[in-house]
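Down below is the structure, laid out as structure tokens.
The values are calculated or read from the model by the stated rules, or taken from the named source; none is laboratory data. Predicted model, so just to flag it, every value in this text is computed and none were measured. Cβ coordinates were reconstructed from backbone atoms using ideal geometry, including for glycine residues, and neighbour counts include every protein chain displayed. Side chains are part of the model used for accessible areas, which takes the heavy atoms of the whole protein and leaves out ligands, DNA and RNA. Shrake-Rupley method; radii C 1.70, N 1.55, O 1.52, S 1.80 Å.
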Amino acid sequence: MVIDVEPGAARLLAVRDEDPQREWDRLGPWWPETYPGVIGVRDRRAGGAWLAANPATRRIAVLLNRADTVALPEHEVHTRGFLVLDAVTGTEPAAHPRTHGFNLLEAGPDGARVISWNGVSRTETPIGPGVHMIAHDGLDDPQTARIAHWLPQFRARTSDAADDRWWDDWVQLLAESGDMPAEDDRAIIRDNRPHGYPTLSLLYCVAEVGADGLRIHDEPFADPGHWSTAH
């Protein structure tokens, strides 16, 4: 995920990797009774979300997996998808959540932050002004190959705040990433099977929050794991 933070505003680009056999739904108001007004990309199996947005509060949250420091018995594991829904409605994650590890990125009018959980401790990292990237470790982690390779390019391609199609240059970088072979860990469009995981990139989402409200759009990949959108 890439995020550009300014005072009172933020723009982000997020790519979702998941097992394509796990059913999901595109952006929509899938939780009208429990989270009225919230829209998100829903995981049908567990009922939660990978990404969610609340237009009323101008808040958005995205969940990324993170490795566990200790193994939690599978029958005790709670789904992480509701952390995203809670975040955009103002509920903090528990100090010791019974979930696998995660990075939970939140952005809204009051700023942006990453809440991380590794199975032992929870940390919070404020996101300062400028363009940042995060995957499955720390914010702007130079040891993450795709961050080391692409973050300078995303920073160089940041559009003017008044640009109505600010995401076009960033999406072009996604397309360039799609030219990399699956086994290259610098790739953003992922086919993780060579790395031992069944997950592939399924869609990207762009979102903007600021004084004028919240704007969000998702675009599935026609061929999971490859740059091939439906436009």
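Of note:
- Segment Arg165-Arg45, length gained on full extension (0.36 nm per residue, minus Cα span): 39.8 nm
- Extension gain, Glu33 to Val77, is 13.4 nm, computed as 0.36 nm per intervening residue step minus the present C-alpha separation.
- Probe 1.4 Å, protein heavy atoms only - accessible area per residue of the range 15-133 in square angstrom: 47 Å²
- Here the chain has 50 percent of its accessible surface on carbon and sulfur atoms, given a 1.4 Å probe and all protein chains in place.
- Sorted largest first, the principal axis extents computed over the alpha-carbon atoms of the range 72-176 equal 45, 31, 23 Å.
- Over the chain, relative contact order from alpha-carbon pairs under 8 Å, at least 6 apart, %: 22 percent
- Total charge dipole magnitude, the range 120-231, about the Cα centre, Cβ charges on Lys, Arg, Asp, Glu only, Debye to nearest 20: 260 debye
- Beyond 18 Å, the tail of the calculated P(r) for the range 1-123 holds 51 percent of the Cα pairs.
- Positive end of the dipole of the range 53-137 (Cβ unit charges, origin at the Cα centre): among His78, Ile127, Ser116, the Cα lying farthest that way belongs to Ile127.
- Cα-only Debye scattering, the range 143-231: base-10 log of I(q)/I(0) at q = 0.18, 0.21, 0.25 Å⁻¹: -0.88, -1.10, -1.32
- The value given for the chain is a Kirkwood hydrodynamic radius of 17.8 Å, derived from the mean inverse Cα-Cα separation.
- Charge tally around Met180: other residues with Cβ under 12 Å, Lys/Arg +1 each, Asp/Glu -1 each, net -3.
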